[in-house]
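Please read the structure below before turning to the comments.
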Amino acid sequence: MIGEELKDFRSGYVSIIGRPNVGKSTLLNSILGEKVAIVTTKPQTTRNRIIGIKTLPNAQIIFIDTPGIHKPRHKLGEAMVKTALEALNEVDIILFMVEPHSPEKEDLSVIEMLKKVRSPVFLLINKIDTIKKTDLLPLIDHFKNLYSFQEIIPLSALKQDGMSMLMKRIYDSMPSGPKYYPDEFITDQLERFMVSEIIRERVMEMTEEEVPYSVAVEITEWEEREDGLIVISGNIYVEREGQKGIIIGKRGAMLKSIGSAARIDIERLLNTKVFLELWVKVKKDWRNNKTTLRELGY
């Protein structure tokens with residue numbers, strides 16, 4: 001009986017790739033029905049490889065959301081692109097996500113990389129709610145001529161349009177395999193990492209220009225008290241004194257707003273009351289410092 005169940009059960013790894021801001025993290029959150037990857041309107045939001053686990057009655061699919069593939073301008077960018085490319089060689093399916101228009105230079109670069117990969121590739125044309133239906137077929141034909149995709153699936157991750165079709169196609173292409181994670185797991189990320197990402201998301205949403213990209217967050221204290229309260233302290237690192245002033249704001253107003261908004265999301269994640277204390281510190285040019293990047297988990 002156990003052997004029969006294993007034979008009928010499917011499992012495997014699916015990598016989500018594409019240039020920055022095409023909707024990869026939105027897709028992952030949409031598939032899981034939970035927020036495990038931060039989403040902002042700014043490109044290059046995802047820095048680490050984030051795993052999301054979708055457990056179905058007859059399958060377990062592990063999705064890997066990767067940083068957007070782009071031309072790096074610093075060592076952090078190099079690490080992000082390296083993470084994205086490494087994910088191509090260890091998965092059962094690659095989901096290559098694009099926006100609904102002719103491919104840009106970075107899209108074409110990704111397609112060239114895919115020609116060296118053995119895993120089957122699904123092309124996902126995202127944000128189809130933003131174009132006319134008559135524009136879709138010529139676009140599909142154009143991409144067909146560039147690469148022999150196993151599937152081409154138009155969808156809107158934000159509006160949940162085309163998602164059931166995508167999941168069916170993924171399931172059909174999954175090999176037989178075991179259940180890697182318990183049913184209740186939706187991510188392998190530690191709570192501390194997810195909390196630091198929530199704080200970073202709020203900083204990115206509330207600041208402009210170069211400041212969001214110069215920010216890293218480190219959780220320095222985590223105390224779970226008997227009454228259920230969790231006391232969390234964190235450092236927000238920036239590269240220059242001027243950026244520190246922007247995040248703190250006039251009389252600390254900006255930092256207070258960031259902390260209040262982040263605390264609400266953290267309490268929702270942890271399902272308990274949280275006391276959150278944030279400090280802003282300068283680590284000069286940290287994105288180009290290999291030691292600091294390692295310390296911060298990049």
So which residues in segment 104-127 are surrounded by fewer than 21 Cβ atoms within 10 Å (Cβ to Cβ), of a type in the set (S, T, N, Q) and outside any helix (DSSP H, G or I), if there are any at all? Ser119
Would you call Glu191 free of Cβ contacts under 8 Å to residues at least 24 places away in the same chain and surrounded by fewer than 17 Cβ atoms within 10 Å (Cβ to Cβ)? no
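With respect to Lys159, determine if the residue is basic (Lys, Arg), outside any strand (DSSP E or B), touching a helix residue (DSSP H, G or I) at 6+ places or on another chain (Cβ under 9 Å) and surrounded by fewer than 16 Cβ atoms within 10 Å (Cβ to Cβ). Lay out the reasoning, then the answer.
Values: basic (Lys, Arg): yes; outside any strand (DSSP E or B): yes; touching a helix residue (DSSP H, G or I) at 6+ places or on another chain (Cβ under 9 Å): yes; surrounded by fewer than 16 Cβ atoms within 10 Å (Cβ to Cβ): yes.
Yes.
How about segment 271-285: which of its residues are outside any loop (DSSP other than H, G, I, E, B) and not β-branched (Val, Ile, Thr)? Break it down stepwise before answering.
Of the residues in segment 271-285, the ones outside any loop (DSSP other than H, G, I, E, B) are 274-282.
Result: Phe275, Leu276, Glu277, Leu278, Trp279, Lys281.
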Do you know which residues across segment 259-298 are at pLDDT 85 or above, β-branched (Val, Ile, Thr) and over 16 Å from Met194 (Cα atoms)? Val280, Val282
Output yes when any residue across segment 250-261 is without any contact (Cβ under 8 Å) to a residue 40 or more places away in the chain, among the hydroxyl-bearing types (Ser, Thr, Tyr) and surrounded by fewer than 19 Cβ atoms within 10 Å (Cβ to Cβ), and no when none is. yes
Return yes when Trp279 is aromatic (Phe, Trp, Tyr), in contact with a Gly (Cβ under 8 Å, 6 or more places away or on another chain) and either more than 17 Å from Glu224 (Cα to Cα) or assigned by TED's automatic domain parsing to the domain that holds Glu223 (or both) and no when it is not. yes
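The values are calculated or read from the model by the stated rules, or taken from the named source; none is laboratory data. What you are looking at is a predicted structure, and each value in this text was computed from that prediction instead of being measured. Don't worry about glycine lacking a Cβ; one is built from the backbone with ideal geometry, like all the others, and counts go over all protein chains shown.
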